[in-house]
There are 2 protein chains.
Amino acid sequence: MTDVKGPEELGSTVAYRLGALGSVAESRFAARVEPLGIKPKHAGLLAALAAGGAPSQQDLAARLGVAPSLVVSLADHLEACGAVERTRDSRDRRRQVLTLTREGRGLLARCAAAARELDDELTASMTGPQVAALREALELVGRGL
Amino acid sequence: MTDVKGPEELGSTVAYRLGALGSVAESRFAARVEPLGIKPKHAGLLAALAAGGAPSQQDLAARLGVAPSLVVSLADHLEACGAVERTRDSRDRRRQVLTLTREGRGLLARCAAAARELDDELTASMTGPQVAALREALELVGRGL
DNA sequence: TCCATATCATTCACAACTCGAATGATTACG
DNA sequence: CGTAATCATTCGAGTTGTGAATGATATGGA
């Protein structure tokens, strides 16, 4: 009853607002990494590689929430850029192990820098503690999958 | 300085995480409103109509961050559903005024209910204050556009 | 050992989304 | 009064992502 059941009900929802803001965040991020020759999903793949052990492409697909076939084309492009290398797993030769090259790490670092710049833009009207709260909140949501 | 400048730099970014979480939030929301015969953008249009005066479709396009031509097809579908009505603006007969019908308001209410259910799911592992902080943070980011 | 089944990466065709340019009607301005 | 601007709409095209085949390899049971 403290709720305002007014017309903006949907807009005050986490689910909807997250989706709406997410799409503008993604397109702005895309604009920033476009000069680097990649798209947000490529950056995501790079980050996943930097984060984890040596997972299969199927694992990567699951982490990124995309189809395995998409990981193939993402990896194709990154390999063409010289950012990753494909090597057959000697223990299971069906698997293709993706490893970051030195250039790949550099590319990822530039993506992260671009993202940080964008963060400054997105949070320009917020105070330090507010930004920190946002980071923590997003972290928590992500943890719950 | 509390930042870990490690390999997960990108993932700790607001821009990237917002984009990633946004896409899963949107797809889950899409799954929930799909039985209602609409997609997230339709819901967004309904909410925009409920929120504002009687804006032109161009205004709506700008608010939603999409091309005007997309608003046409969104409105087409909603009109077919009986959720909105098109009437020519008597003062400027180029403009088409979209108005919510009673059914449209009901549909929007169901979308909001679906979004609230999804909120419960997304924030299941969070405490009340944490959820409130998230809502406020998203609100602030959205305000800064 | 050998065969059936399952898993992996990959390719390919297709559906869905969204945009931008043309179109026609109407309005605003000089 | 005519020229340019604005609105909604249509249409064609580009991009993105998916799911179903394919071929290679692995696994487990008879």
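Laboratory data are not the source of any read-out in this text; all were calculated from the coordinates shown. Just so you know, these numbers come straight off a predicted model, no measurement behind them. Glycine gets a Cβ as well: all are built from the backbone with ideal geometry, and neighbour counts include every protein chain shown.
Which residue, chosen from A:130, B:52, B:70, occupies the Cα position most advanced towards the positive end of the dipole of the protein assembly as shown, where the dipole is computed from +1 (Lys, Arg) and -1 (Asp, Glu) charges on Cβ about the Cα centre? Value computed over the given set: B:70.
Between segment B:41-61 and segment B:95-119, the alpha-carbon centres lie 11 Å apart. Dividing the summed -39500 (n - 2.57) terms of all DSSP H runs of n ≥ 4 by the residue count of chain B sets its mean residue ellipticity at 222 nm at -20500 deg cm²/dmol. Within the shell defined by Cβ-Cβ distances under 12 Å, the residues around residue B:55 carry a net charge of 0, with Lys and Arg each +1 and Asp and Glu each -1.
For residue A:62 and residue B:117, a Förster radius of 30 Å and the Cβ-Cβ distance give a FRET efficiency of 0.75, rounded to the nearest 0.05.
Of all chain B residues, the closest to the B-onto-A rotation axis by Cβ, with that distance in whole Å, is B:22, 1. Sorted from shortest to longest, the distances between the residue A:91 label points of this copy and the other copies are 7.2 nm, with each point 7 Å from Cα along the line through the beta carbon.
Across the identical copies, the label point of residue B:142 (7 Å from Cα in the Cβ direction) is separated from its matches by 2.2 nm, in order from shortest.
At 4 °C and 1.567 mPa s, what whole-number value in µm²/s does Stokes-Einstein give for the translational diffusion of segment B:10-143, with Rh from the Kirkwood sum over Cα pairs? Can you show the working numbers first?
On the way: Rh = 16.4 Å.
The diffusion coefficient I find is 79 µm²/s.
Order the peptides A:132-138, A:84-90 from the highest to the lowest mean number of other Cβ atoms within 10 Å of their residues.
Working: A:132-138: 18.9, A:84-90: 13.4.
Averaged packing, sorted descending, gives the order A:132-138, A:84-90.
Under 11 Å from a label point set 7 Å out along the Cα-to-Cβ vector of residue A:89, the amide N atoms of segment A:55-72 belong to A:55-60.
So, with +1 on the Cβ of K and R and -1 on the Cβ of D and E, and no other charges, what is the size of the charge dipole of segment B:10-143 about its Cα centre, to the nearest 20 debye? Please list the in-between numbers first.
Values: 18 positive and 15 negative charges, 85 e Å.
Once rounded to the nearest 20, the dipole reads 400 debye.
Shown for the protein assembly as shown: lysine pairs separated by 8 or more places, or found on different chains, whose C-alpha atoms are under 28 Å apart, numbering 8.
Averaged across B:121-130, how many Cβ atoms of other chains sit within 10 Å of each residue's Cβ atom?
Working: counts 3, 8, 6, 3, 5, 6, 1, 0, 0, 5.
Mean shielding count: 4.
What Kirkwood hydrodynamic radius do you get for the protein assembly as shown when you take the inverse of the mean 1/r over all pairs of distinct Cα atoms, in Å?
On the way: mean 1/r = 0.0483 Å⁻¹.
About 20.7 Å for the protein assembly as shown.
Taking a ≥ b ≥ c as the square roots of the eigenvalues of the Cα gyration tensor, an a/c ratio of 1.5 or more together with a/b no larger than b/c marks segment A:99-145 as oblate.
Let me know the mean shielding of B:45-51 by other chains, meaning the per-residue number of their Cβ atoms within 10 Å of its Cβ.
Numbers: counts 0, 2, 9, 3, 1, 6, 6.
Mean inter-chain Cβ contacts per residue within 10 Å come to 4.
Give me the net charge for the shell around residue B:83: Cβ to Cβ below 10 angstrom, other residues only, Lys and Arg +1, Asp and Glu -1. Walk me through the intermediate numbers first.
On the way: positive: B:102, B:105; negative: B:79, B:85, B:103.
Combined, the nearby Lys, Arg, Asp and Glu give -1.
Across the identical copies, the label point of residue A:52 (7 Å from Cα in the Cβ direction) is separated from its matches by 4.3 nm, in order from shortest.
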